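Here is the structure we will look at, set down as structure tokens.
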């Protein structure tokens, strides 16, 4: 038995809380902004120039072709260089970008059966090289995302298109094999690329070195491993950016990034944010606003239900009841994280607020296992029909906070006769074939289950999309429930919002009962901005809070 079992849970939690200092891990925090209420650090607040904003990020943007696979930090650059047909604001509303109107059943741009869409573009949008943005560019973008030979960042919905037709220089339509309501959310993050620069080129490396979009900022310069400079687009088709230049600076050490924010060298501290142990200090900074920004990611314990012991609902329920989730969140995460029982963020209009709260009751957990036939052996480990309740748990190695969480969970489970062995792996290994092909027993993981801002999580929870069973999707849990399959199908085929909400709230209820994963908390970031830099707004519907950078300005 691991040496950490010799510590009491209280001792372990206390040590974990003290261990947070200096860790490089994902940043956290709930929703609202709080101003510094007891300033003790006299630091400068004046920007280096009223015409520029300096952004600090702990990860380096490296992908500048928006149709290729990219991560959250790349989005902050891409959404400012490129335009989408429409975007989504912090309230979850779709806002026209390249289109004159959002297609809907009401305005006739979506047919009554939901399968034919018409897109009407504005005629004054220009690429950064001065060429007009036309329906041909949209057609090329959609065709590229449909092309199985192209390594697209997503194919959600695009594979359902069976015919696209350009009906004018600024108009096109397409027909889908079946209606797909989440397509609005998918298209909100699908950035349009210039066909005249990419159409006949298999090598896109030159384009990626100096990308040409139609967004609010123009590519300026990049110093790899240091910074990217974006210049305001003077010919932007929407209101021009209020600053002339955005400098996106790469600062991998979170302590160094915090210090630069403290001393005024950067104006906004974003991904991955301020570490929990720095939060009390951050709140004392003079002329700084500390923002608790919710993310769409839910952290939890994922089960591989291909394993015989996890096929027993009583085992999954008992594991959840054996973990003192609330104490772990208050102590290990210093009270910053807020627990959840859903796979959706609380800000989503589809979120079900009526799910049963988690209950910590190790006695009830042990009794549940007894009634299900899982009896303790002489060594104290439970078994049934020769199968021992012993499994591994894995996550990214060198993530000290998660390691502490694993060790605490390990002790809770040992108390009821379950052995959980910790076998962490480097990120490239953990989230490669090992995760995708369900080679793990259980995993501690943070997942954005939505499709863009849409609640569609069918890629994770429908029975036909488990790669381990030959499916094409992300159901690494190997979860199967025919009722959930039907509800996802119903929810994704109707454009009736009320009907969709009903479907998704029922899905959340069933998943809370079935527990293919144990939902611990919705991930949050602690971000910071200078008091006289206005316009920042946290948006849980996108992957970067640089989404409205054109509206940022000094006051």
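The values are calculated or read from the model by the stated rules, or taken from the named source; none is laboratory data. Computed from a predicted structure; not experimentally measured. Ideal geometry is used to build each Cβ from the backbone, glycine not excepted, and the neighbour counts take in all protein chains shown.
Of all residues in the range 438-463, those satisfying the criterion of being more than 18 Å from residue 186 (Cα to Cα) and either crowded, with 21+ Cβ neighbours inside 10 Å or at pLDDT 95 or above (or both) are 438, 439, 440, 441, 442, 443, 444, 445, 461, 462, 463. When restricted to residues that are in contact with a helix residue (DSSP H, G or I) (Cβ under 9 Å, 6 or more places away or on another chain), buried (at least 17 other Cβ atoms within 10 Å of the Cβ) and not in a loop (DSSP other than H, G, I, E, B), the range 251-260 contains 2.
Considering each of 491, 473 in turn, give the residue that is in contact with a helix residue (DSSP H, G or I) (Cβ under 6 Å, 6 or more places away or on another chain) and buried (at least 22 other Cβ atoms within 10 Å of the Cβ).
491
Matching residues to (1) in a strand (DSSP E or B); (2) at pLDDT 95 or above; (3) over 26 Å from the mean Cα position of the chain (by Cα):
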residue	(1), (2), (3)
200	no, no, yes
211	no, yes, no
215	no, yes, no
228	yes, yes, no
231	yes, yes, yes
234	no, yes, yes
241	no, yes, yes
249	yes, yes, no
262	no, yes, yes
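Consider the range 55-77 and keep the residues that are part of a helix (DSSP H, G or I) and within 16 Å of the chain's Cα centre (by Cα). The one that is nearest to residue 210 (Cα to Cα) is 74.
Of the residues screened, residue 80 is one that is modelled with pLDDT of 95 or more and under 21 Å from residue 208 (Cβ atoms). Please enumerate the residues belonging to the range 369-383 that are under 30 Å from residue 403 (Cβ atoms), in contact (Cβ under 8 Å) with a residue 12 or more places away in the chain and buried (at least 16 other Cβ atoms within 10 Å of the Cβ). Residues satisfying the conditions are 369, 374, 381, 382. Counting residues in the range 395-411 that are buried (at least 16 other Cβ atoms within 10 Å of the Cβ) and assigned to a strand (DSSP E or B) gives one or more. Scanning the range 93-115 for residues that are touching a residue at least 24 places away in the same chain (Cβ under 8 Å) and over 27 Å from the mean Cα position of the chain (by Cα) yields a count of 5. Checked against (1) crowded, with 21+ Cβ neighbours inside 10 Å; (2) over 26 Å from the mean Cα position of the chain (by Cα); (3) closer than 28 Å to residue 516 by Cα, residue 302 passes all but condition (2). For the range 529-550, indicate whether the set of residues that are within 27 Å of residue 106 (Cβ to Cβ), touching a strand residue (DSSP E or B) at 6+ places or on another chain (Cβ under 6 Å) and in a loop (DSSP other than H, G, I, E, B) is non-empty. Yes, that holds for at least one residue.
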